[in-house]
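Remarks on the structure that follows.
Please treat every number below as a calculation from the coordinates, not as lab data. In this text, all values refer to a predicted model and were calculated from it rather than measured experimentally. All Cβ positions, glycine included, derive from the backbone under ideal geometry; neighbour counts span all protein chains shown.
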């Protein structure tokens, strides 16, 4: 019996791989397996090779695997491009229609299943996906009834006949595998899962859900990969709560509309990727200067410019931290798991209103789009804190305005929402006085700048760094952020087996940088590996800058557009110690 | 009931004496009082440039934004609070150069706000460069040999973009200007108002006298029907864009807000943000 394996399905983009993947994985999730998905796709609608890989395990996993156990192929190209990834003795399930060939040098068992022929027999070749699903299930001895339930949900609205035909296609695929001895391969007997009904979602959905739970009721946004799912989620669910989404003309409009809405008192957010973040920088400056809350999600993808729109990267750190002219208070946080995507989104809205400043939630493509199992989300942890809003201000002296930018000890001023009696004040991106009126006097300028910057002094969000440091005297400290955490942990397990002691820190508060929290772990380690998906080591630069020492830092970088594999981190770390 | 005086504040505008923007300021104050607003019911969102300062010169909620972005800020504010009367204001550079994309899309979107462009055909605050509204051959600091581009036609643009309310007026005609702003505030939808607001310092061509000579009032055109879009377009072209008054109004198309499913009359900003545990569970169950 095995406790985990990897399954990949490949073919031409637009061929319906998504539905096979969705049905197969949903069934597995309901059986209690932990799943971790990785989508390889291109920036086009139809055509071109695409594949989805899922890791299936009876224990929590948060990384893609180095190798592959099962490859489901709809064309020879899929085999040619992916068979090398198969472990020795892996299985290829392919459509018999194209006379699949196992490439030379690949040690794999081939099941040429008549996907298309069976599907056509049942009425339409479209159902070849269902045949493939059944074949995959049989190989792992997954009960067909579980698949059938999901098929029914997927096709139920298309009528009974469609459901029955699809279930038949699943059964026929399974039957073929059984008849050919595929259901008794000893190295494919997956242990039974615990039957817990966990969540199965992508990071973008967790962010959308977090936004609704946080009270976000308005989202202006411009479509972009890999952020659009957040917008799509809110388009679907916000109307139930009286809210709405506007697809704006560009990201400048998106961010400034969100700023206008936040000024108006509704919790509003926008989401984009690097190119959109670039356009938003002037708006971010406005939010900083006018002390208007706004939440911006940046789902990082390959840059610069249009870069690698559908590929993994973590290269927007500098843009998120420094991206606007002048100096403003700004918070940048980077969730590292699906659960954190949810909780941190709630936190982002609270931080934005509490500190009256822009908050950037930084994810990366793999975290945003990789579908994975998540633990149940705890509703009791959702707390809405709207900060210093004054609902009924006292009457003002004649000729005076509400002191929206009052000098306070912590720098945070009372906020009043437009429409409130006795609350009239002015808001401007020009330097201003306590009432918001333009004021260029050196004394006021100095005080106002210091007031704004003082707000975030000593800011530490909950779990600003996530610490897994079992060793008082480690051989190596590994620092990472975003989606790489699970991969780092797998590499550490392998290192531990060889007696190499590692500690692991995930930086979640990227800006202001929590140097004091990181310091003691940095000091204890003889060497530090900073793992990040970019070419220059932007996180490493932050550590060096804020800790005042970069002598121990080794940059473990990957910028080819694909996420780290556990073996890659393992090899790099092993070389270091 | 508030009077126009209640919309005054004690800030002295930094506009040049004789600037057309003074009249726009006064007209907004009068129109707001005439339609029965209290100062806290009104928010003025402005852009950057001489005209952008207007939000600081009127006693109401004011947001002086960034160059060209008054409209998206104003639309966001309106979405947050439907009860608020929102006026966006800015210059011709703000609305037709850097903010042109927003202008066209705000018109298409038709949210219930009023947009006033203070059109002086020049860049004033930066001391006299060409504007998208400057005429072909117009000599400025940035076009010493004369502009090589033709002037944009705001009214044609608005009509072509699907505007439901289009008006044009002139700083010297306080009565008409106040009237069209009032009508704009009352209009359910996006009210586009272009105002010839002369720059007395940098524009020696499009002066008060020049406008007086060239303007054509819709009231003077026999049989003019502001509900007829084709007629509006024809007359605007015929008058070389100098047509003033309420040029076009479509009262049949409702504002954007009415088309948003589930969007309530009560301001979004006043709604309860907390979900119940049942609502949350329902959302979470979609992922099981």
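A simple spin-label model places the labels of residue B:250 and residue A:392 4.5 nm from each other, with each point 7 Å out along Cα-to-Cβ.
Peptide A:202-209: average number of partner chain Cβ atoms within 10 Å per residue?
Working: counts 1, 0, 0, 3, 1, 0, 1, 5.
So the per-residue partner count for this stretch is 1.
Once you reduce segment A:278-318 and segment A:408-484 to the center of their Cα atoms, the two points are 18 Å from each other. Legend: ranking of residues B:12, A:192, A:128 from fewest to most surrounding C-beta atoms inside 10 Å; resulting order B:12, A:192, A:128.
Judged by the ratio a/c of the largest to the smallest principal axis of the C-alpha gyration tensor, segment A:171-242 counts as prolate, that ratio being 1.5 or greater while a/b is larger than b/c.
When the Debye formula is applied to the Cα atoms of the protein assembly as shown, each taken as the same point scatterer, what base-10 log of I(q)/I(0) results at q = 0.06, 0.10 Å⁻¹? Cα-only, vacuum Debye calculation for the protein assembly as shown: -0.48, -1.07. For segment B:205-272, the equivalent ellipsoid derived from the Cα gyration tensor has semi-axes of 37, 17, 9 Å, listed largest first.
Just want to confirm a number: the relative contact order over segment A:418-573, from Cα pairs under 8 angstrom separated by 6+ residues, in percent.
21 percent
When shorter helices are ignored and each DSSP H run of at least 4 residues is given -39500 (n - 2.57), the per-residue value for chain A at 222 nm works out to -11000 deg cm²/dmol. The relative contact order of segment B:46-148 comes to 23 percent, based on Cα pairs under 8 Å that sit 6 or more residues apart.
When only alpha carbons are used to place a centre, segment A:155-217 and segment B:39-56 end up 55 Å from one another.
The long axis of helix A:144-155 is offset from the longest Cα principal axis of chain A by roughly 50 degrees.
Could you work out, residue by residue across B:276-286, how many beta carbons of other chains sit within 10 Å of that residue's beta carbon, and then give the average as an integer?
Numbers: counts 1, 3, 0, 5, 6, 2, 2, 11, 9, 2, 7.
Mean partner shielding for this stretch: 4.
Look at where the Cα atoms of segment B:68-112 and of segment A:104-153 average out, and the two centres are 54 Å apart. Taking 1.002 mPa s as the viscosity and 20 °C as the temperature, the Stokes-Einstein diffusion coefficient of segment B:130-269 based on its alpha-carbon Kirkwood radius rounds to 128 µm²/s. Length gained on full extension, residue A:1 to residue A:472, computed as 0.36 nm times the residue gap minus the Cα-Cα distance: 165.9 nm. Take every DSSP beta bridge whose two residues both sit in chain B; close to 20 percent of them are antiparallel.
Between residue A:104 and residue A:117, what length in nm is gained on full extension when 0.36 nm per residue of separation is reduced by their alpha carbon distance? Please report the intermediate quantities before stating the final value.
On the way: separation 13, 0.36 × 13 = 4.68 nm, distance 2.69 nm.
Extending this stretch completely gives an extra 2.0 nm.
Residue by residue along A:411-422, Cβ atoms of other protein chains within 10 Å of the local Cβ number 4 on average. The peptide list B:52-65, A:395-408, put in order of mean Cβ contacts within 10 Å with the highest first, becomes B:52-65, A:395-408.
Look at the alpha carbon pairs under 8 Å that are at least 6 residues apart: their mean separation over the length of segment A:338-440 gives a relative contact order of 22 percent. For the pair residue B:207 and residue A:76, label points projected 7 Å from Cα toward Cβ lie 8.4 nm apart.
Helix A:251-264 and the longest principal axis of the C-alpha atoms of chain A enclose an angle of approximately 50°.
In what sequence, highest mean first, do B:241-252, A:445-456, A:273-284 appear when ranked by Cβ atoms within 10 angstrom?
On the way: B:241-252: 19.4, A:445-456: 16.2, A:273-284: 22.6.
Ranked by mean Cβ neighbours within 10 Å, highest first: A:273-284, B:241-252, A:445-456.
Can you give me the angle between helix A:17-30 and the longest principal axis of chain A, using Cα atoms only, in degrees from 0 to 90, rounded to the nearest 10? Long axis of A:17-30 versus the principal axis of chain A: about 80 degrees.
Restricting things to Cα coordinates, could you compute the convex hull volume per residue of segment A:252-333 in Å³? Provide the component values of the computation, followed by the final result.
Numbers: hull volume 6.8 nm³, N = 82.
It is 83 Å³ per residue.
In this simple spin-label approximation, residue B:220 and residue A:498 carry label points 7 Å from Cα along the Cα→Cβ vector, and these lie 9.0 nm apart.
Listed peptides B:14-21, A:40-47, A:19-26 appear in the order A:19-26, B:14-21, A:40-47 once ranked by packing, highest mean of other Cβ atoms within 10 Å at the front.
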